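Enquirer: This is the structure I want to talk about, given as structure tokens.
Computed from the coordinates by the stated procedures, all read-outs in this text should not be read as laboratory data. None of the values given here were measured: they were computed from a predicted structure. Here Cβ is always computed from backbone atoms with ideal geometry, including for glycine, and neighbour counts include all displayed protein chains.
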Amino acid sequence: MADAYASRVARFVAELEAVGALGDPAWRAAFAGVPRHVFLPRFFVDLPDGRWRAVDERDAEYAGLVYADSTLTTQLDGVAGPVPGAEPVAGIGTSSSTQPTLMAWMLDALGLRGGERVLEIGTGTGYNAALLAHRLGGERVTSVEVDPVVARMARERLEIAGYRPVTVVGDGERGWAARAPYDAVLATVAVPEVPAAWIEQARDGGVIVTSLWRDLGGGPLVRLVVDGDVAQGRFLAVPGGFMPVRSAPRAAAVLASARYQTGERRETPLDPSILRTSDAGLWIALFVPGATWLGFTPDGGAPQMWLFAVDGSWAVIEGSTVEQYGPRRLWDEAETVHARWSEAGGPTRERLGLTVCADGDHRFWLDDPGVAAI
């Protein structure tokens, strides 16, 4: 580790330990030994106006940002990388280095003891693959990246850092059968459904840790254990949200068209801030499918919460009033799910489980696989 970063790395690791993210000494050694700055020579920071500014080691804030517990965006719109010194740009993040505490919790959830073979979905910068290689050895780690440019840069940085996991370009939802079976599958991208290929390529008793993609958020991070062609387990106590795989459908949030439509109005007892809560928010995200949300404050107006669906349905909550339009009544759905969550006693997220069946059906349950959550 370069002397210039040694003190920052020590503080970085201490901060992760302080929040309980490094209970396993082997992962502490990995985070202390793998130089995150090698994998992040440049990245974007978001500006108040919604644009992005490139940062590299010449910027005063560079080292503090690299060795902080934060996600750092490295690509916009699937093509644009940070260009130091360039004017700020607009775009949507499509590749990043994950928040380190989230990485640590997910790595710990794999339950590794040494000697396992791991499939990582989403190489990104290569930092997470390096952590796995530090723990297991590069020959036991296979990492799949859909973007060939991102994959090439990750390989270069892994080589600089001295790690040699097997990195391949491919569709992560298909896994990588050539090196199966795996003892664990770890996805640092979110998927709408757990792909059958991951279950097929994991050994019996193998573990899958992934986040389900839901536009409403909720951070649905789940740990599944494979038994034949079925995978089953619980959601983790910590939320975890990731950029979706590029095949994931996205809900349409079209404020411009909503302005010219009139919906049905009524009073609502449910505060829209419930969408941001860890436990109820997870239930709403899972059981109000195909919807997204947007906070918005019109000039001179009160704060609004908008929900949108791909079929053109929308709902807007302002104060205690909701207006809804389209084939679905999205806020009615959210209220119904919240009521079911409340009737169940307001269960914490780790009481919610998922079974991925042989036919691909995803069944959510509460406390026991035989008890349907909704």
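Enquirer: Any residue in the range 199-226 that's on the phi > 0 side of the Ramachandran plot: show its pairings with residues that are in a loop (DSSP other than H, G, I, E, B) at Cβ separation under 8 Å, as long as the two are six or more apart or on different chains.
Expert: Short answer, once both residue conditions are applied: Gly217/Gly241; Gly218/Pro239; Gly218/Gly241; Gly219/Val238; Gly219/Pro239; Gly219/Gly240; Gly219/Gly241; Gly219/Ser278.
Enquirer: Please go through the range 284-304 and give me each residue that is closer than 25 Å to Ile374 by Cα and in a strand (DSSP E or B), ordered by number. If you could, list the steps in order and put the result at the bottom.
Expert: Step one: of the range 284-304, the residues closer than 25 Å to Ile374 by Cα are 284-293.
Result: Ala291, Thr292, Trp293.
Enquirer: Within the range 123-141, can one find any residue that is under 26 Å from Cys357 (Cβ atoms), buried (at least 21 other Cβ atoms within 10 Å of the Cβ) and either under 21 Å from the mean Cα position of the chain (by Cα) or aliphatic (A, V, I, L, M) (or both)? I'd like the intermediate steps shown before the answer.
Expert: The first filter runs over the range 123-141 and keeps only residues under 26 Å from Cys357 (Cβ atoms), leaving none.
For the range 123-141, residues under 26 Å from Cys357 (Cβ atoms), buried (at least 21 other Cβ atoms within 10 Å of the Cβ) and either under 21 Å from the mean Cα position of the chain (by Cα) or aliphatic (A, V, I, L, M) (or both): absent.
Enquirer: Which condition from (1) hydrophobic (A, V, I, L, M, F, W, C); (2) surrounded by 16 or more Cβ atoms within 10 Å (Cβ to Cβ); (3) under 19 Å from Leu224 (Cβ atoms) is the one that Ala291 breaks?
Expert: All conditions are met except number (3).
Enquirer: Can you pull out the residues in the range 313-339 that are under 26 Å from the mean Cα position of the chain (by Cα) and either assigned to a loop (DSSP other than H, G, I, E, B) or among the charged types (D, E, K, R) (or both)?
Expert: Within the range 313-339, Ser313, Glu333, Glu335 qualify.
Enquirer: Can you name the residue in the range 345-374 that is among the basic types (Lys, Arg) and closer than 13 Å to Ala280 by Cα and is also surrounded by the most Cβ atoms within 10 Å (Cβ to Cβ) among such residues?
Expert: Of all residues in the range 345-374, those among the basic types (Lys, Arg) come to 349, 351, 363.
Remaining after also requiring closer than 13 Å to Ala280 by Cα: 349, 351.
Numbers: Arg349: 23, Arg351: 17.
For the range 345-374, the residue satisfying everything is Arg349.
Enquirer: Are any residues in the range 220-237 under 14 Å from Gly353 (Cα atoms) and either in contact with a Pro (Cβ under 7 Å, 6 or more places away or on another chain) or assigned to a loop (DSSP other than H, G, I, E, B) (or both), and if so, which ones?
Expert: If the condition is that a residue be under 14 Å from Gly353 (Cα atoms) and either in contact with a Pro (Cβ under 7 Å, 6 or more places away or on another chain) or assigned to a loop (DSSP other than H, G, I, E, B) (or both), then Pro220, Leu221, Gln232, Phe235, Leu236, Ala237 are the ones that fit.
Enquirer: Something else: Take the residues of the range 1-47 that are part of a helix (DSSP H, G or I) and in contact with a strand residue (DSSP E or B) (Cβ under 8 Å, 6 or more places away or on another chain): which is surrounded by the most Cβ atoms within 10 Å (Cβ to Cβ)?
Expert: Initial filter on the range 1-47 (part of a helix (DSSP H, G or I)): 3-18, 25-33, 36-39.
With the extra rule that they be in contact with a strand residue (DSSP E or B) (Cβ under 8 Å, 6 or more places away or on another chain), the set shrinks to 36, 39.
Numbers: Arg36: 22, Phe39: 25.
Going through the qualifying residues, I end up with Phe39.
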